[in-house]
Amino acid sequence: MHMEVREVTPELAAKWLTCNTNNRPLSKNTVQQLAAQIQRGEWQLTHQGIAFDEDDVLIDGQHRLAAIVKAGTGVPLTVTRGVPRTAFTVMDTGRKRTGRDALALAGEANVSDQQRSAAGPAGGTSRRP
């Protein structure tokens with residue numbers, strides 16, 4: 001496998017999407033959310049980029065590439081080539097991080113109590129000592 005960080009332009013993203021021959025259906029909502037992040041300047045380079053197998057078939061990153069095309073703006077991406085075809089079966093099978101997970105990672109000790117506190121008296125429940 002070979003990995004590199006590249007600036008991926010909308011034109012390059014569109015070209016690479018033509019290599020997307022065997023992937024899950026594209027989620028328009030996911031593409032829209034990612035494109036909006038790019039347009040707001042919130043895109044961040046991470047280890048999660050795009051991947052091609054040994055035959056240059058796109059096996060990971062179709063939503064990121066489609067978002068770059070939709071946003072009309074290039075962004076840096078980690079590009080991995082030569083990923084074993086068999087790895088596709090274990091990609092993107094983990095649990096998606098939730099808002100609660102993000103709060104916990106930010107050091108919020110008891111998210112559920114804080115959520116109830118944020119709701120205030122109008123939150124629908126009253127707790128008595």
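No lab work stands behind these numbers, since they all come straight from the coordinates. Source: prediction; values computed, not measured. All Cβ positions, even for glycine, are placed from backbone atoms using ideal geometry, and neighbour counts span all protein chains on display.
Summarising the amide proton neighbourhood of Ile59: residues at separation of 5 or more, or on other chains, whose placed amide H is nearer than 5 Å comprise Ala51, Phe52, Asp53.
Once R0 is set to 22 Å, what does the formula 1/(1 + (r/R0)^6) return for the Cβ-Cβ distance between Lys15 and Gln39, expressed as a FRET efficiency to the nearest 0.05?
Values: r = 21 Å, r/R0 = 0.96.
Here the calculated transfer efficiency is 0.55.
Around Leu26, under 12 Å between beta carbons, what's the net of Lys plus Arg minus Asp minus Glu among the other residues? All intermediate terms of the calculation are to be shown ahead of the outcome.
Values: positive: Arg24, Lys28, Arg64, Lys70; negative: none.
Combined, the nearby Lys, Arg, Asp and Glu give +4.
Taking 0.36 nm per residue of separation and subtracting the Cα-Cα distance, full extension of the segment from Thr46 to His2 would add 14.2 nm. In terms of Cα atoms, the Rg and Dmax of region 6-61 work out to 12.0, 35 Å.
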